[in-house]
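Read the structure below first, then the notes.
Please treat every number below as a calculation from the coordinates, not as lab data. Everything numeric here is computed off the predicted structure, so don't read it as measured data. Using ideal geometry, Cβ is built from the backbone for each residue, glycine included, and neighbour counts are taken over all protein chains shown.
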Amino acid sequence: MILFINACVRDDSRTLRLAKDFLASYGRDESITAVELQSQGLSPLDGEKLSAREKFIAQGNYDNEMFEHAKLFSGAEKIVIAAPYWDYSFPALLKIYIEQLCVMGLTFTYSDEGVPVSLCRLEELVYITTAGGFIPERNYGYDYVREVFTGFFGAKKCRYIKAEGLDIIGSDPDEILSLAEKDF
């Protein structure tokens, strides 16, 4: 199964357009489950939610709805994330979603040496982004996601697809998006 995580907030998002074009060829023979982050009612973990979550985890009880995203995620073999490049990273909704996924005993555990060990089926992560300007070498968005998805969730392969410089005067956004599609 391919899990498509849409962190775009605009219907006319260029990142979403690029991701849909990618999925049209990538997911041709597999089922795709989409998670539209904007419609999930996600909110950051606060003290009350964290205490409840820790209580359920200590009991080994993952039946509560707060674990639904993590359960769906842990069964996916391929993850495609569409996240626009905002403020040197990605929209906050994606970070909140990732917090929902990091559930010890469900998506990862620790070895005796304290090293995270994945409990997920994840084989490949594909991260798709677009930027109005240029993305610097220190990419706090993709680099963070890659680290979490390899370290906690065991992704064996990571791909990064980007289209940048879309809003620079004189650029042709459609041409730039078409060039990015060659990375598919």
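When the Cα centres of segment 138-184 and segment 57-118 are compared, how far apart do they sit, in Å?
Cα centroid of segment 138-184 versus Cα centroid of segment 57-118: 21 Å apart.
With all pairs of different alpha carbon atoms counted, what Kirkwood hydrodynamic radius in Å does segment 1-153 show?
16.3
Relative to the longest principal axis of the chain, what angle (0 to 90°, nearest 10) does the C-alpha long axis of helix 47-59 take?
60
Per-residue HN-Hα couplings for segment 7-21, Karplus 6.51 cos²θ - 1.76 cosθ + 1.60 at θ = phi - 60°, whole Hz, x for Gly and Pro?
For segment 7-21, the Karplus-derived couplings read 9, 7, 9, 10, 5, 9, 4, 5, 5, 5, 4, 5, 5, 5, 5 Hz, x marking Gly and Pro.
Taking each pair of distinct Cα atoms in segment 137-184 once, what is the resulting Kirkwood hydrodynamic radius in Å?
About 12.6 Å, per the Kirkwood formula over Cα pairs.
By average Cβ neighbour count within 10 Å, what is the ranking of 75-86, 20-31 from highest down?
75-86, 20-31
Go ahead and estimate [θ] at 222 nm for the chain from helices alone: -39,500 (n - 2.57) per DSSP H run with n ≥ 4, summed, over the residue count, rounded to 500.
Calculated mean residue ellipticity at 222 nm is -10000 deg cm²/dmol.
Could you run the Karplus curve 6.51 cos²θ - 1.76 cosθ + 1.60 with θ = phi - 60° over segment 89-98 and give me ³J(HN,Hα) per residue in whole Hz, x for Gly and Pro?
Rounded to whole hertz, the list is 7, 8, x, 4, 4, 5, 5, 4, 4, 4.
Give the relative contact order (percent, whole number) for the chain; include only Cα pairs under 8 Å separated by 6+ residues.
23
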